[in-house]
Amino acid sequence: MNDLKTLRQLIKMMVDNDLTEIDLEGEGEKVKLKRGGVGAPTVSYTPPAPAAAPAPAPAAAGTDAPAEAADSGLPTIDSPMVGSFYTASSPDAEAFVKVGDRVSPDTVVCIVEAMKVFNEIKAEVSGTISEVLVSSGDAVEFGQPLFKVKP
């Protein structure tokens with residue numbers, strides 16, 4: 001199902017029929033297509049699970065595990081789509097937000113580019129940015145945490 005021709009046909013069907021979301025699952029694969037307010041569909045693909053996955057390595061003694069545990073319960077601002085993450089509107093522009101900045105639900109925190117469309121992402125929460133989890137230019141997935149926010 002992950003061939004580009006099929007995905008393009010599904011996106012065209014969404015646009016032609018003014019659908020906002022398609023969720024398909026079968027044979028261990030899952031595809032979710034979702035159109036945002038700007039009209040550009042987003043794609044989330046979950047490949048079949050591998051037969052066996054190695055267990056994660058235990059944390060080394062003396063690491064920052066307690067500090068991580070304290071931050072682990074913080075709300076996050078997540079990517080609403082698959083695309084490329086950018087902290088600013090252009091390479092020489094200042095970042096929309098940085099650690100320590102206060103945000104409100106309507107604060108633009110970054111841009112995610114999908115299919116040549118630059119989508120402004122709003123915080124949708126109030127608080128203070130405590131951590132930026134992604135580097136500018138990195139690819140992001142649907143639902144991937146981008147920022148941690150202290151309420």
> How many nm is it between the label spots at VAL99 and LEU133, if each spot is 7 Å from the Cα in line with the beta carbon?
Replying inline: 1.6
>> Give me, ordered by chain and number, the residues 5 or more places off SER79 or on other chains with an amide H under 5 Å from its own placed amide H.
In response: GLY143, GLN144, LEU146
>> Please enumerate, by chain and number, the lysines with C-alpha under 23 Å from the C-alpha of LYS34, excluding those fewer than 8 residues away in the same chain.
In response: LYS5, LYS12, LYS116, LYS122
> So what are the ³J(HN,Hα) numbers for region 97-105, from phi and the Karplus equation (6.51, -1.76, 1.60; θ = phi - 60°), rounded to whole Hz, Gly and Pro as x?
Replying inline: 9, 9, 4, x, 6, 7, 10, 10, x
> Counting only residues 5 or more places away or on other chains, whose amide H sits under 5 Å from the amide H of GLU124 once H atoms are built in the peptide plane?
Replying inline: ASP106, THR107
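Just so you know, all these numbers are worked out from the coordinates, no wet-lab data involved. Owing to the predicted nature of the structure, the values given are computational and were not obtained by experimental measurement. Virtual Cβ from ideal backbone geometry, glycine too; neighbours counted across all protein chains shown.
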